[in-house]
Amino acid sequence: MKKKYNIGGRELMGEEIEFETERESWNTYLLADGTKVKLKAVAASIVRFDEYLPNGDPMYLVNASNVVATDVPENLKRH
């Protein structure tokens with residue numbers, strides 16, 4: 001069912017689209033201090049708008065949470 005969404009001060013018509021997770025991958029970052037930070041976005045909902053990008057694709061809004069995990073070297077931990 002379509003409804004109005006306020007995006008950046010504009011009212012856009014859109015509809016929440018059902019989805020299934022195909023794959024959720026981690027992005028891994030190695031910090032200069034030896035810490036590994038892993039990050040992945042987990043989508044909660046996806047809305048397709050009745051607006052289009054210059055290439056013709058519809059605009060989407062993804063409501064997601066960031067999940068963060070760390071692997072910290074022992075010398076940086078408080079004991």
Open item on the list: Multiplying the sequence separation of D57 and V72 by 0.36 nm and subtracting their Cα-Cα distance, what value in nm do you get?
Closed with: 1.3 nm
Open item on the list: Please enumerate, by chain and number, the lysines with C-alpha under 30 Å from the C-alpha of K77, excluding those fewer than 8 residues away in the same chain.
Closed with: K36, K38, K40
Open item on the list: How much length would be gained if the chain were fully extended between T35 and S65, taking 0.36 nm per residue of separation minus their Cα-Cα distance, in nm to one decimal?
Closed with: 8.6 nm
Task: Size of electric dipole in the chain: Cβ of Lys, Arg +1 and of Asp, Glu -1, about Cα centre, debye, nearest 20 - done: 340 debye
TODO: Round to the nearest 0.05 the FRET efficiency obtained for V42 and E15 when R0 = 30 Å and r is the Cβ-Cβ distance.
DONE: 0.90
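Values in this text are rule-based calculations from the coordinates and carry no lab data. Keep in mind that this is a model prediction, so the values were computed, not measured. All Cβ positions, glycine included, derive from the backbone under ideal geometry; neighbour counts span all protein chains shown.
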